[in-house]
Amino acid sequence: MDADVRLRLIALLERLLDEPPAAGTHPAGPVELVDPAALRIYPDSRTVFLGLAEIALTRREFDLLLCLAGRPRQVLTREQLLDQVWGHRRSGPRSVDVHVRRLRAKLGDDLPVVRTIHGVGYRLDGAVPVAVLRSNDNDSHYHRSVHVPTM
């Protein structure tokens, strides 16, 4: 998305949020904005969106991304990822490398989402905002945890 269009859209949304509700109306609750350029993960439907595009991931790729997103800024070793995503260590640590490579290819090689920490493992990169959006069973609102990039 063009940076100028994005800034205008954000400014418009901020103005709309600053306006008080019309008389007699009750807002449904707080509105949380998610950066339109963010990588959005919906665990309930096991879907991932980047901008408006849905990214088709395998079960293992999705679980790997969700595991990393659940621990922002934390480096996970290949062994930890095998335990938490695969559920065992029978697969070799290089299996993690292969799945990370495939995940990067699907997200776009130019988009730094997963960073390799040489000699240690992997973590989410701070350059891309990642939002994990979970639906509330009682209504259609989403609760989120967000990994915000550090500048």
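The values are calculated or read from the model by the stated rules, or taken from the named source; none is laboratory data. Just so it is clear, the model here is predicted, and its values are computed rather than measured. Here the Cβ positions follow ideal geometry from the backbone for every residue, glycine too, while neighbour counts run over all protein chains shown. Please note that ligands, DNA and RNA were not included when accessible areas were found on the heavy atoms of the full protein model with its side chains. Shrake-Rupley method; radii C 1.70, N 1.55, O 1.52, S 1.80 Å.
Here are a few things to note about the model shown:
- If the condition is being over 20 Å from Pro93 (Cβ atoms) and either open to solvent by 40 Å² or more (accessible area, probe 1.4 Å) or in contact with a Phe, Trp or Tyr (Cβ under 9 Å, 6 or more places away or on another chain) (or both), then region 112-127 contributes Pro112, Ala127.
- Residue list for region 71-111, filter: open to solvent by 40 Å² or more (accessible area, probe 1.4 Å), closer than 16 Å to Ile41 by Cβ and outside any loop (DSSP other than H, G, I, E, B): Gln84, Arg104, Lys106
- Here Glu54 meets each of (1) assigned to a strand (DSSP E or B); (2) buried (at least 18 other Cβ atoms within 10 Å of the Cβ) with one exception, condition (2).
- Within region 57-70, no residue satisfies the criterion of being aromatic (Phe, Trp, Tyr) and open to solvent by 50 Å² or more (accessible area, probe 1.4 Å).
- In region 106-116, the condition of being small (Gly, Ala, Ser) and closer than 28 Å to Arg6 by Cβ is met by at least one residue.
- Test for Gly51: is it in contact (Cβ under 8 Å) with a residue 24 or more places away in the chain and on the phi > 0 side of the Ramachandran plot: yes
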